[in-house]
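Read-outs throughout are calculated quantities, based only on the coordinates presented, and are distinct from any laboratory measurement. None of the values given here were measured: they were computed from a predicted structure. Every residue, glycine among them, receives a Cβ derived from its backbone with ideal geometry; neighbour counts consider all protein chains shown.
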Amino acid sequence: MIWILVGSLFFCMLLSIPIALALASSCALVFMITYGGTQMMHLLAQAMITTSDSFPLMAIPFFMLVGTLMSRSGLAKEIIGVGDAFTGEIAGGLGASTVVACMIFAAISGSGPAVVAALGVILVPAMEERKYDTAYAGSLVAAGATIGPVIPPSIPMIVYGVVGGTSVVAMFAGGILPGILMGTCLVTVNYFVSKKRGYLGKKRGGGFSWICKVCWQAKWALALPILILGGIYGGVFTPTEAAVIGSVYALVVGTFIYKQLTIKKISAAMVEAALLSSLSMFVLGGASTFGRLLTMERIPQQLAEAMLSLTQSPVLIMALIIGFLFISGMFIDTISNIVLFTPLFLPIVEKVGYHPVFFGVIMTIILCIGMVTPPVGVNLYVAQGVCRAPFANMIREVLPLILALMAGVVLILIFPGIVMFIPKVLGLVH
Amino acid sequence: MKKISYILNHLEEYILAFLMTIMVTVLAVQVFSRYVLSFSFSWAEQFARICFVWLTMVGISLAAREKMHLKIELLQNILPPKWISKVNFFSSIYTAVFSLFLGYLIIKIVYMQFALSQTFASITWLPVWVMYAAGIFGMFGLAIRTFQVSIFPLISQKRSIKQ
């Protein structure tokens, strides 16, 4: 039974049938063979619809909307200015600023490729002007954008929270420090690369008061994460409500303060947000019956027993799972990966003593690194579209950055407190 | 005539923008009234959820038109070009046929709900089939758009090559 389910799924996915339909077809096949009834087929069709009948998941289109509105409001320039004010002076300053800007943008938008597009069009030409290698500039933006879904708000974390039955609020809190750590790793590598190649920094415009002034200019962009996260952790909103309020804020700021949003741009932003959210929701719909079949057949327990009979070491099991997710992330997108593998791996890691929030954050990071690994790195393709360097050069330039991010993952595995500290302080986990 | 076909080709975008506007408005008013006026609407959350179901389904149809559905494009990188178009043709046909099948199942579900005349607990005048009907739009939309953008162009391309 399991082989029919998994075999037909892989067959369909290899033939590049949409993942949602591949999941649904493999369930349909199993229903036809083993349960022999149309009643089960109705459950399959029903699940495609009722998956969206969920308030927590409704945060997805609204966080997408915050991102699509903000990137149309012309805020990217101010955010880059803030990054430059802090790190512009050191060697490779503009590269470091790129990473910092990616981190700030990450706190506004929940998705990676959108960050690449919004920041890349400004930063890549600026880096080229300061004699940075084009492929390196594009790779740096692509790698920086992997932080996007790690620093809250985060679409993958919402999906993980719903699929794995974990608190989304705790997941968001767990992502903050790892996101900053990933940024630090990238800035470090960028520093050494720049020093070696002679990418110089730029003289700072002034002292502390000047930095404050630059931050004040970007206040409308910087206030948004404070509003969203402050609202969630102050107990004022649920994540979904925070996303709605964030959208209204972005609408008001973009229309009345930056005067960039028109009715046409707003409706385009809405359509884009809805479209992006339906891509994930469709996969979730197809996967919900798939997940139920796995549970009915006790597949996660069997897999857990098989793995535990191989080794009892938590570290080794975690390393195996991370290796698997890393490879899988090279071929399958983040959301599909989370939907497919959370029900399989979560019981195992819980059994060997890891917290679901810790695993969720690690999983998000690993899968996000998959967005810059060839052959199917979305961020890399979007960045290439912006910088137009040969793809082979980009792969060579992105490799040290991937290694830097992986070093961050190893640090988190050695010191789990990096993930768990903030959720514990806020009293979200025990 | 031209105008009608333009509207039909962009139908999903109008619906999505409309639904998004309604959802943002309803939920923003809900949050505002709960914290400022200490009053909340009992129907707001359920209503937004029905809109979200429609948003997802209409978005699925639009994603088919934009060829954006999440899939694995591993074979596309390995196979020779001649085979790629064959695989694409097969997967598009399969997508269209399977979504028609799902659409047919959903019609049956809607029909059953219609016969039961069940309504939502928090919106007592609204029958439940209104939510399920979104699935008919989504699945048939997915099939129609797949024919439009992925199957017909491949067929006409083949014809012109033969001629």
Quick check: from the Cα gyration tensor, does the stretch A:155-220 come out rounded (a/c under 1.5), prolate or oblate?
oblate
Compute the distance from the alpha-carbon center of the stretch A:75-145 to that of the stretch A:374-397, in whole Å.
16 Å
Build a GNM of chain A with springs between Cα atoms under 10 Å: which of A:215, A:12, A:387 gets the top mean-square fluctuation?
A:12
Using a 10 angstrom cutoff on alpha carbons, build the Gaussian network for chain A and name the most mobile of A:141, A:100, A:30.
A:30
CD proxy, 222 nm, the protein assembly as shown: helix-only mean residue ellipticity via -39,500 (n - 2.57) per DSSP H run with n ≥ 4, per residue, nearest 500, stands at -25000 deg cm²/dmol
Would you be so kind as to identify which of B:64, B:78, B:129 lies farthest towards the positive end of the dipole of the stretch B:2-162, taking Lys and Arg as +1 and Asp and Glu as -1 on Cβ and the Cα centre as origin?
B:78
Using the Karplus curve 6.51 cos²θ - 1.76 cosθ + 1.60 with θ = phi - 60°, what ³J(HN,Hα) values do you get for each residue of the stretch A:409-414, in whole Hz, with x for Gly and Pro?
4, 4, 4, 5, 5, 6
Quick one: if you take sqrt(5λ) for each eigenvalue of the C-alpha gyration tensor of chain B, what semi-axes come out, biggest first, whole angstrom?
39, 18, 15
Once you have the Cα-Cα distance between residue A:188 and residue A:89, take 0.36 nm times their residue separation minus that, and quote the gain in nm to one decimal.
34.2 nm
Charge dipole of chain A built from unit charges on the beta carbon (Lys, Arg +1; Asp, Glu -1), centred at mean Cα; most positive-end Cα among A:85, A:287, A:410 is A:85
Inverse mean reciprocal Cα-Cα distance (Kirkwood Rh) of the stretch A:167-260, Å
16.5 Å
Ranked on Cβ counts within 10 Å of their own Cβ, fewest leading, A:42, A:355, A:430, B:10 go A:430, B:10, A:42, A:355
Rounding to the nearest 10 and keeping the result within 0 to 90°, find how far the Cα-based axis of helix A:168-197 lies from the longest principal axis of chain A.
50 degrees
Could you list A:157, B:23, A:13 so that the one with the fewest beta carbons within 10 Å of its beta carbon is first and the one with the most is last?
A:13, B:23, A:157
With labels modelled as points extended 7 Å from the Cα through the Cβ direction, what inter-label distance (nm, one decimal) is found for residue B:76 paired with residue B:2?
3.3 nm
So how do A:328, A:16, B:156, B:38 line up by other beta-carbon neighbours within 10 Å, fewest first?
B:38, B:156, A:328, A:16
Would you tally the net charge around residue A:380, using a Cβ to Cβ cut-off of less than 15 Å, leaving residue A:380 out, and scoring K and R as +1, D and E as -1?
-1
Treating only Lys and Arg (+1) and Asp and Glu (-1) as charged, each at its beta carbon, one finds that the stretch B:2-162 has a dipole about its Cα centre, in Debye to the nearest 20, of 780 debye
Under a plain spin-label model, where a point goes 7 Å from the Cα along Cα-to-Cβ, how far apart in nm are residue B:108 and residue A:128?
5.8 nm
How many percent of the alpha carbon pairs in the protein assembly as shown exceed a separation of 32 Å?
48 percent
What number, in percent, do you get for the relative contact order of chain A if the mean sequence gap of Cα pairs under 8 Å and at least 6 apart is divided by its residue count?
26 percent
GNM result for chain A, Cα springs below 10 Å: residue of A:222, A:308, A:181 fluctuating most strongly
A:308
Rounded, prolate or oblate: pick one for the stretch A:132-182, where a ≥ b ≥ c are the square roots of the eigenvalues of its C-alpha gyration tensor, a/c under 1.5 means rounded, and failing that, prolate if a/b is larger than b/c, else oblate.
prolate
Once amide H atoms are placed 1.01 Å from N in the peptide plane, what residues at a sequence separation of 5 or more from residue B:119, or on another chain, have their amide H within under 5 Å of its amide H?
B:128
Tell me the angle of helix A:378-387 to the major Cα principal axis of chain A, expressed in degrees between 0 and 90 and rounded to the nearest ten.
30 degrees
Could you name the lysines whose alpha carbon sits less than 30 Å from that of residue A:219, not counting residues in the same chain fewer than 8 places away?
A:77, A:202, A:203, A:259, A:264, A:265, A:424
